[in-house]
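The values are calculated or read from the model by the stated rules, or taken from the named source; none is laboratory data. None of the values given here were measured: they were computed from a predicted structure. For neighbour counting, all protein chains shown are included, and Cβ atoms are generated from backbone atoms with ideal geometry for every residue, glycine included. Areas reflect the complete protein model, heavy atoms only, side chains present, ligands, DNA and RNA absent. Shrake-Rupley method; radii C 1.70, N 1.55, O 1.52, S 1.80 Å.
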Amino acid sequence: MRLLPDTRTLALVAALFLGLSSSLQAAGFHLAVPPFLPQAEMKAEYTKMTDYLGKSIGAPIELVTNSTYLGYWEATRKGAGYELVFDNAPMIDFLVQRQNYTVLAKIAGVVSQSLVTRSDVAILDPQELLGKPVATIASPNLSALTLFQMFPNPMRLPDFKYANNAREAIDMVLKGKVAAALVPTPIAIQYDNLNVVTTSKQLPHLAVAAAPTVPAEVQAKIRQALLQAGKTPEGRAMLEMLNTNGFEAASNATYAGQAELLKGTYGY
């Protein structure tokens, strides 16, 4: 005959669960953000995000960055244990599929990548760049993945030059070191001295996702804080930093299939 656990056993299990949840929250969490921008700029800006979310859950959240995208990819794919990530569509889907992350919310709308040249350079078609130096962030950054899609023929390629972040890639364009660069459109439009040759197809915008180690109640608080960010000064400061009007509801299904872009990437 199967015996049901008595009330003392159930109480002990509940206490252990609550104790683990409390210890995790007391120790704080880590939010990993890939190196879209130079390290100093990221630390100055994204602390607005960690401060806001930390306040919303009543526990510290530490920003984790990496100086190179390859370093970030290596740490992430090996399961570095970041409790929270803020990343693009292919990486979010990768984390959902491979490491059981849960999407909490996404920046409203969609995002694309833009192929840009200096405003005084007359290039109207990407094919004009064959054999010429073109900068982007190293794969598997979304900009590089998109650039490879633009030039699928391995016999007809630009001369790819890799930058550590989007601003460095644009700086290479402006200084004449490369003929063009592929960077996120939200960053490209910040420069009035660039010409947009073409823009990629749009994907679901950046999302915040939580590892399975993050307690459900903490995930719920973060989701609510993101969706209601426009209602507080701290939240509005975060949204201004992200150059968005707000976050919107999203789920794992929103990003299903996006990891396909990572096929062929080392370690995928």
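Some observations on this one:
- Over the chain: helical MRE at 222 nm, DSSP H runs n ≥ 4 each giving -39500 (n - 2.57), nearest 500: -12000 deg cm²/dmol
- Distant-in-sequence amide H partners of GLN113 (H built 1.01 Å from N, under 5 Å): THR185, SER200
- Of the solvent-accessible surface of segment 168-268, computed with a 1.4 Å probe over protein heavy atoms with every protein chain present, carbon and sulfur atoms account for 49 percent.
- Qualifying lysines (Cα of each under 19 Å from Cα of LYS263; at least 8 residues distant if same chain): LYS78, LYS201
- In a simple Cβ point-charge model (Lys, Arg +1; Asp, Glu -1; nothing else charged), the chain has a dipole of about 380 debye relative to its Cα centre.
- Spatially proximal aspartates and glutamates relative to LYS177 (Cα-Cα < 15 Å; intrachain offsets below 8 disregarded): ASP120, ASP159, GLU168
- The phi torsions of segment 45-58, fed into the Karplus equation with coefficients 6.51, -1.76 and 1.60 and a -60° offset, translate into couplings of 8, 6, 5, 4, 6, 5, 5, 5, 5, x, 5, 5, 9, x Hz, rounded to whole numbers, with Gly and Pro shown as x.
- Correct option for volume of the Cα convex hull per residue in Å³ [calculated from the coordinates] among (i) 145; (ii) 122; (iii) 215: (i)
- Evaluating 6.51 cos²θ - 1.76 cosθ + 1.60 at θ = phi - 60° for every residue in segment 133-150, the Karplus couplings come out as x, 10, 9, 7, 7, 4, 4, x, 4, 4, 4, 5, 4, 5, 4, 5, 5, 5 Hz, glycine and proline recorded as x.
- A Gaussian network model of the chain, with springs between Cα atoms under 10 Å, assigns the largest mean-square fluctuation among ASN252, ASN243, ASN66 to ASN243.
- Sum of side-chain charges, SER67 neighbourhood, beta-carbon under 13 Å (Lys, Arg +1; Asp, Glu -1): -2
- A cut-off of 5 Å between modelled amide H atoms, ignoring neighbours fewer than 5 places along the same chain, links PHE247 with ALA108, ALA229.
- Choice from ALA80, ALA229, ALA163 with maximal GNM fluctuation in the chain (Cα, 10 Å cutoff): ALA80
- Neighbour net charge for ALA250 - beta-carbon separation under 10 angstrom, K R +1, D E -1: +1
- In the assembled protein chains, ARG98 presents an accessible area of approximately 120 Å² (probe radius 1.4 Å).
- Surface analysis of the chain yields an accessible area of 48 Å² per residue, using protein heavy atoms and a 1.4 Å probe.
- Positive dipole terminus of segment 169-268, leading residue within THR254, ASN193, GLY176 (C-beta point charges): GLY176
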